[in-house]
1. Within region 202-226, take every residue that is modelled with pLDDT under 90 and of a type in the set (A, V, I, L, M) and give me the one that is nearest to LYS281 (Cα to Cα).
2. Determine, yes or no, whether TYR45 is in the same structural domain as LYS131 (by TED's automatic domain parsing), at pLDDT below 95 and crowded, with 17+ Cβ neighbours inside 10 Å.
3. Identify, please: which residue in region 163-180 is over 12 Å from MET192 (Cβ atoms) and in contact with a helix residue (DSSP H, G or I) (Cβ under 9 Å, 6 or more places away or on another chain) and is, among those, modelled with the lowest pLDDT?
4. What's the number of the condition ASN254 fails, among (1) touching a residue at least 12 places away in the same chain (Cβ under 8 Å); (2) under 26 Å from the mean Cα position of the chain (by Cα)?
5. Out of contact with any Gly (no Cβ under 9 Å at 6 or more places or on another chain), buried (at least 17 other Cβ atoms within 10 Å of the Cβ) and within 15 Å of PRO137 (Cβ to Cβ): which single residue out of LEU185, LEU172, LEU157, LEU190 fits that description?
6. Is one or more of the residues making up region 119-126 modelled with pLDDT under 90, within 30 Å of the chain's Cα centre (by Cα) and either part of a loop (DSSP other than H, G, I, E, B) or not aliphatic (A, V, I, L, M) (or both)?
7. Tell me which residues, restricted to region 379-396, are touching a residue at least 60 places away in the same chain (Cβ under 8 Å) and surrounded by fewer than 21 Cβ atoms within 10 Å (Cβ to Cβ).
Amino acid sequence: MNRNMKNSIKFAFFFFALFIVTELSIAQVDRSTYYNRGKNFYYNYFYKPINNVDSIDVYTMYKVAYDLLRFTKMTGTNSYIAYPEFEIEFRDEDGIIRKRIKKKDTIIVDDYSLINRIDIFYFGSIEAKLKYKKYTPVLYLWNDVSLKLAEKELPELDLMSFKNGTRLSSPLICFQDDEIEAPNLYPFLLDMNAAFSSKDIFFYFISNNIEGNEEYQASIEYLDAGRSSIDWTGNSIIKLNTKFISDRIIEFKNHTPKRLSFELIGGNPQEQGFEGIVKIKFTSDKTAPGKYKLRLWRKNTQDTSEFDFQIIWDNLSYTLRTPNYAADIMYLVLTDDEYDDIKSGSDREITHNIYEWWRKHDPTPFTVYNEAMAEFFSRADYAFFNFKTIYEKDGAQTDRGKIHILNGAPDEKKSIIDKSSKSSEIWIYRNLKKKYIFETDSSNRIYLKAIEDL
C-alpha cells in the first residue's frame, strides 16, 4: 500500500466502521483463536450454610478451554466428542482427603475447527456438603482413559473462620443483570478474580454475624497504583458503598455448558443458617488491571476481613502486548506527529502514551475499559494470524491486514482468476459503499490495487 493510498483511507472510515462493520463478519476460520494467551483451566468457589449446624454447601465452579480437552471423531458422523472427568478433593490440615467427588461430562461439537480453540470454554460445577473445618481443595481434569490433563490446588477454604472467627464467607465475585429486585449473578471464572472488560464488579458475602450488628463498611486498595501503565481513576484507597440484605438468599440457579449463574431471591437467611448478605459494588469507572485488596469490617468494631484479588485483562490482545509493535500498528490511525510522540520513551512510557491516545477516542469515557482500543487490537490480532503468508510473515502489516484493521471484516469476499491465471480478491463493504481490489504480484505478494465506490 503506497503512502498516498494509505493517507486517503487513514481516517475516512475507521471510527465509523469500528462498531458498524464488526457485526457483519463473514464466516471464516480465525487462526488467532488458536494462539495461547495464557491459562485454559479456571475455577471459582462459593459457600453458604444450610439448615444444619454441622455442614455447609460448597460450590466449586470451573471452565476449561476446548483446546485442553481431548476430542475424538464420532464414527459415521462429522462430529467430535470428549469425555472429561472433573474431580475435586478436600484435604484437611494434615493432608488427609476428607471428601472426593467425581463428575463425568460429555461434550459434542459439530465443527472440527472448534476443538482446538482457546477462547471457547466448557462450564461446569460440583456441589459438596462439608463439615466446618479448614480444607485445601484440589481440582483435577482427566480424560476418558484416566490421563490427567490438568491439576489446580485452590486456596485454603477456611470454614472454621466463617463459623467462629470473622463470620464472613469468601465472596461470590461476579457481574450481574441490571439493578433489579432478583438479579442473576454470573460468577467470574478467573480463579477468584474479576475481568477488566466487565461493566461493574459485585461482591456478595454471606454474614454469620451472631451479634446482630448489620452495619458494614468497606474499602478497596489498588496495590499496583504507581506501577500500572494505566492511570487509575481516583486515590489508591477508596471507600465502597455496602448494603446488608436480610430478606434475600443466594441460590445456585443453573449451569449450562456456556454459563453458570446464581440468583438473589426472596427468603429468610436465618432459616438457612446465616444472618444475611453483604453486597458491595465496585463500579467500572474505578477499575483497572492489577492487584487489589478489599477490606470489610463491621461498624464500630475492629473486626476486619481482607480479600486479595486481581482484575485481569482476560482478552488482552496479542498485538497489544509489545508496546513498540502496538504503536507501529496504530500508525494506520495516527498523524506522523502523534506517532512520533507515542513512540518516544521507554516501553512503559510508550504503553502509557498508547492508552492516553485511546482515552481521547473512548466511546464510553465513563469506564476505564476502552472498547474502541480493544476492538482495534482484536482486529490487529486477526490480521496478524490470518493474513500472513510464506512471503509476508506479519499479516497485520499486509495490505489486506491494514484494511481489515481499519474497516473490520467485509460483508462479502470474491476470489477471481483471469485467463492468464492471475488471481485477485475483492472485498465489499456495503455500509461504507466501498470495494477494495487486491491482486497477487509476480512475487506472490498480495497488494491493494484499487479502491472503488459502490
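The values are calculated or read from the model by the stated rules, or taken from the named source; none is laboratory data. Keep in mind the model is a prediction, meaning the values are calculated, not measured. No Cβ is skipped: glycine too gets one built from the backbone with ideal geometry, and neighbour counts run over all protein chains shown.
1. LEU223
2. Values: in the same structural domain as LYS131 (by TED's automatic domain parsing): yes; at pLDDT below 95: yes; crowded, with 17+ Cβ neighbours inside 10 Å: yes.
In short, yes.
3. In the first step, residues of region 163-180 are kept if they are over 12 Å from MET192 (Cβ atoms); the result is 163-169, 175-180.
Adding the requirement that they be in contact with a helix residue (DSSP H, G or I) (Cβ under 9 Å, 6 or more places away or on another chain) leaves 167-169.
Values: ARG167: 83, LEU168: 88, SER169: 91.
If we take residues in region 163-180 being over 12 Å from MET192 (Cβ atoms) and in contact with a helix residue (DSSP H, G or I) (Cβ under 9 Å, 6 or more places away or on another chain), then ARG167 is modelled with the lowest pLDDT.
4. Of (1) touching a residue at least 12 places away in the same chain (Cβ under 8 Å); (2) under 26 Å from the mean Cα position of the chain (by Cα), only one is false for ASN254: (1).
5. Values: LEU185 fails: within 15 Å of PRO137 (Cβ to Cβ); LEU172 fails: within 15 Å of PRO137 (Cβ to Cβ); LEU190 fails: within 15 Å of PRO137 (Cβ to Cβ).
Going through LEU185, LEU172, LEU157, LEU190 in turn, the sole match is LEU157.
6. Pass one, region 119-126, residues modelled with pLDDT under 90: 119-120.
Filter once more, so that each one left must be within 30 Å of the chain's Cα centre (by Cα): 119-120.
Next cut, either part of a loop (DSSP other than H, G, I, E, B) or not aliphatic (A, V, I, L, M) (or both) only: 119-120.
So far as region 119-126 goes, yes, one or more of its residues are modelled with pLDDT under 90, within 30 Å of the chain's Cα centre (by Cα) and either part of a loop (DSSP other than H, G, I, E, B) or not aliphatic (A, V, I, L, M) (or both).
7. Within region 379-396, the subset touching a residue at least 60 places away in the same chain (Cβ under 8 Å) is 380-382, 384-386, 396.
Once the filter is applied, which keeps residues that are touching a residue at least 60 places away in the same chain (Cβ under 8 Å) and surrounded by fewer than 21 Cβ atoms within 10 Å (Cβ to Cβ), region 379-396 yields PHE385, ASN386.
So that you can scan it fast, the table gives a plain yes or no per residue for (1) at pLDDT 85 or above; (2) not β-branched (Val, Ile, Thr):
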position: ASP200; (1), (2): yes, yes
position: SER228; (1), (2): no, yes
position: ILE238; (1), (2): yes, no
position: ASN241; (1), (2): yes, yes
position: PHE252; (1), (2): yes, yes
position: LYS258; (1), (2): no, yes
position: GLY267; (1), (2): yes, yes
position: ILE280; (1), (2): yes, no
position: LEU294; (1), (2): yes, yes
